[in-house]
Amino acid sequence: MLMPKKIKYRKVQKGRKRGRSKGARELEFGDYGLQALEPVWLTAQQIEAIRVTVSRRLKKGGKFFLRVFPDKPVTKKPAETRMGKGKGNVESWVAVVKRDRIICEIGELDEVSAKEALRSATYKLPMKTKIVKKEIATE
C-alpha cells in the first residue's frame, strides 16, 4: 500500500473537502485523464485498485501517471471504547481529492483504449468522474 516514509506529525485533524482543487487541474503528462467531479477521501486501497486495473488494461503499451498520493493519516478508536482517553491510532492513509483534480493520466495510447482503461478505473472510485482529453493549442 502507498503511504509516506516519514511525516512531521503522526496524527492530523480532519479538515474540510469543499472548494476546488488548488493544483493538478490540467493534464500535464498524458493525453487522457480522469477528473474528479466531487470531493472525497481516496484511500490507499482504492488508489492501488485503480493502478492495478489500469496497468492490466494497458499491458505493455501506453504510459500511466498517478497524480494522487495518500499522505493524510486517518485515526480510529477501537470498537466498544468509551469516550475520552485521547485520539485513536492511525488506521489508514487517504489522499484528499477536491473537485476538478486530475486523479490519473494515460499517454502514448489510442483514444479508444485509453478511454476504456479510464472507464474501468472509474468503477473502483467512490465518486463521480469525467474523462478529459488534452487540448491542443492552435495558433
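The values are calculated or read from the model by the stated rules, or taken from the named source; none is laboratory data. No experiment lies behind these values; they were computed from the predicted model shown. Positions of Cβ are generated from backbone atoms using ideal geometry, with glycine treated the same way; all protein chains shown enter the neighbour counts.
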Practice prompt. Only residues that are surrounded by 15 or more Cβ atoms within 10 Å (Cβ to Cβ), in contact with a Lys or Arg (Cβ under 7 Å, 6 or more places away or on another chain) and closer than 23 Å to Arg16 by Cβ: list them for segment 62-87, please.
Written response: Pro73, Thr75
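Condition check ((1) within 17 Å of the chain's Cα centre (by Cα); (2) closer than 30 Å to Gly86 by Cα; (3) at pLDDT below 95) across all residues:
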site	(1), (2), (3)
Pro4	yes, yes, yes
Arg16	yes, yes, yes
Gly23	yes, no, yes
Glu28	yes, no, yes
Ala36	yes, no, no
Pro39	yes, yes, no
Ala44	yes, yes, no
Ile47	yes, yes, no
Lys59	no, no, yes
Item to complete: Please work out if Lys59 is under 20 Å from Ile106 (Cα atoms) and loosely packed, with under 14 Cβ neighbours inside 10 Å.
Response: yes
Practice prompt. Look through segment 93-112, keep the residues that are free of Cβ contacts under 8 Å to residues at least 60 places away in the same chain and not acidic (Asp, Glu), and return whichever of them is surrounded by the most Cβ atoms within 10 Å (Cβ to Cβ).
Written response: Ala95
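Between Lys130, Lys115, Lys124, Lys87, which is in contact (Cβ under 8 Å) with a residue 24 or more places away in the chain, basic (Lys, Arg) and assigned to a helix (DSSP H, G or I)?
Values: Lys130 fails: assigned to a helix (DSSP H, G or I); Lys124 fails: assigned to a helix (DSSP H, G or I); Lys87 fails: assigned to a helix (DSSP H, G or I).
Of the residues listed, the single one that is in contact (Cβ under 8 Å) with a residue 24 or more places away in the chain, basic (Lys, Arg) and assigned to a helix (DSSP H, G or I) is Lys115.
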